[in-house]
1. Within region 210-231, take every residue that is among the aliphatic types (A, V, I, L, M) and farther than 12 Å from Ile186 by Cα and give me the one that is surrounded by the fewest Cβ atoms within 10 Å (Cβ to Cβ).
2. Residue under question is Lys175, and the condition is that it be assigned by TED's automatic domain parsing to the domain that holds Pro142, over 22 Å from Arg265 (Cα atoms) and basic (Lys, Arg); does it hold?
3. Please specify each residue of region 166-183 satisfying the condition of being of a type outside the set (A, V, I, L, M, F, W, C), out of contact with any Ser or Thr (no Cβ under 8 Å at 6 or more places or on another chain) and either more than 20 Å from Tyr76 (Cβ to Cβ) or crowded, with 23+ Cβ neighbours inside 10 Å (or both).
4. So, Leu167, is that one in the same structural domain as Lys103 (by TED's automatic domain parsing), part of a loop (DSSP other than H, G, I, E, B) and modelled with pLDDT of 95 or more or not?
5. Looking at Gln149, is it surrounded by fewer than 18 Cβ atoms within 10 Å (Cβ to Cβ) and not in a loop (DSSP other than H, G, I, E, B)?
6. Suppose we filter Glu158, Glu179 for residues that are of a type in the set (Asp, Glu) and under 16 Å from the mean Cα position of the chain (by Cα); which single one remains?
7. Could you give me the residue pairs with C-beta distances under 8 Å whose first residue belongs to region 1-28 and is under 30 Å from Pro58 (Cα atoms) and modelled with pLDDT under 70, whose second residue is β-branched (Val, Ile, Thr) and crowded, with 16+ Cβ neighbours inside 10 Å wherever it lies, and which are 6+ apart or on separate chains?
Amino acid sequence: MPARILSIPFVLGAILFLYLAWETHSSYSIYVVPFVIALAFIYILSPQINWWWWTRRPPDMSPKLRILLERHLPYYQRLADPEKLRFRRRVRLYMEANDFMAKGMDEVTDDLKAVAAICAVQLTFGLKDFLLSKFEHLIFFPQPFPSPQYPKNYHASEIYEEDGAILFSAEQFMKGFLEPHNFYNIGLHEYAKVFERSYPELDFPPLTEDHWLELQQISGFSQAWIQQWINLDPIPLRPVSIVHFFTWPAAFQAQLPELYAAYARLFNQSPGKAGTPVLGELV
């Protein structure tokens, strides 16, 4: 952590003057005060200090977490090397910028944090602002859970807009990322809802109930299956269509070319495009 590194000389200075006060003369103790004040300021401002440093020298993902991208995300695999680096740095920054909370489990593991960040970055890769900062609290349960919004449903995911929170069942969350052709990706699903609420001024294309059948032809997931997987009814069509746009871009473009073009303009990217999906300058 940059703030911790910055604090080292002040810690050493305080220790030095404490030693001098102990071994030589008590008058040296007064010199400890500025170092303690400086350490207090560093502690209070550590999030801002860390973020300032990271945005200027973006860190990369660890080799262990990078495996998630290399083995399980075709979107990332199609990127050119410079874009892969930009993607990984955004993932790492997202992990540092947001608050992760465990409910009913010991901790939110790094792979859960990374996959959440991957979903967010995938949707916002064509934008300058990729943090979706209106929703900065991520809460993970080990399995489906009830909530104040849905107290009678043990469900897999939701967003709670008033608190800027995204809630996930870790079990369904990881299955959807690791095996998106067998299990619906609730990570992308909830972040699609977050994206829509973060950019209400955008011109989202109209959808009809007929799109459910066309999306099923793309993925094999029926409306009823997705509702059962998340265990909420109704399931909004918009995020489901966005999940399909990013997960099956070639089939989506073939099945729904006009909707694909509309989403490509909206997200400033064509996810099936090799090298870089971004269509122009970041917007």
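1. To start, the set of residues in region 210-231 that are among the aliphatic types (A, V, I, L, M) comprises 213, 215, 218, 224, 226, 230.
Right, trim to farther than 12 Å from Ile186 by Cα and you get 213, 215, 218, 224.
On the way: Leu213: 10, Leu215: 27, Ile218: 20, Ala224: 12.
The qualifying residue surrounded by the fewest Cβ atoms within 10 Å (Cβ to Cβ) is Leu213.
2. Numbers: assigned by TED's automatic domain parsing to the domain that holds Pro142: yes; over 22 Å from Arg265 (Cα atoms): yes; basic (Lys, Arg): yes.
Spelling it out, Lys175 is indeed assigned by TED's automatic domain parsing to the domain that holds Pro142, over 22 Å from Arg265 (Cα atoms) and basic (Lys, Arg).
3. Start the filter on region 166-183 by keeping residues that are of a type outside the set (A, V, I, L, M, F, W, C), which leaves 169, 171-172, 175-176, 179-182.
Checking which are out of contact with any Ser or Thr (no Cβ under 8 Å at 6 or more places or on another chain) leaves us with 171, 175-176, 179, 182.
Of everything in region 166-183, those that are of a type outside the set (A, V, I, L, M, F, W, C), out of contact with any Ser or Thr (no Cβ under 8 Å at 6 or more places or on another chain) and either more than 20 Å from Tyr76 (Cβ to Cβ) or crowded, with 23+ Cβ neighbours inside 10 Å (or both) turn out to be Glu171, Gly176.
4. Numbers: in the same structural domain as Lys103 (by TED's automatic domain parsing): yes; part of a loop (DSSP other than H, G, I, E, B): no; modelled with pLDDT of 95 or more: yes.
Answer is no for this residue.
5. Values: surrounded by fewer than 18 Cβ atoms within 10 Å (Cβ to Cβ): yes; not in a loop (DSSP other than H, G, I, E, B): no.
Criteria not met by Gln149.
6. Numbers: Glu179 fails: under 16 Å from the mean Cα position of the chain (by Cα).
Checking each option against the conditions leaves just Glu158.
7. Cβ pairs passing all conditions: Ala3/Ile42; Ala3/Ile49; Leu6/Ile42; Leu6/Ile49.
Yes/no matrix, rows are residues, columns are (1) under 10 Å from the mean Cα position of the chain (by Cα); (2) closer than 21 Å to Glu70 by Cβ; (3) aliphatic (A, V, I, L, M); (4) exposed (fewer than 14 other Cβ atoms within 10 Å of the Cβ):
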| position | (1), (2), (3), (4) |
| --- | --- |
| Ala117 | yes, yes, yes, no |
| Leu131 | yes, no, yes, no |
| Glu136 | yes, no, no, no |
| Asn153 | no, no, no, no |
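The values are calculated or read from the model by the stated rules, or taken from the named source; none is laboratory data. Predicted model only: the values in this text are computed from it and were never measured. Neighbour counts run over all protein chains shown; Cβ positions are idealised from the backbone, glycine included.
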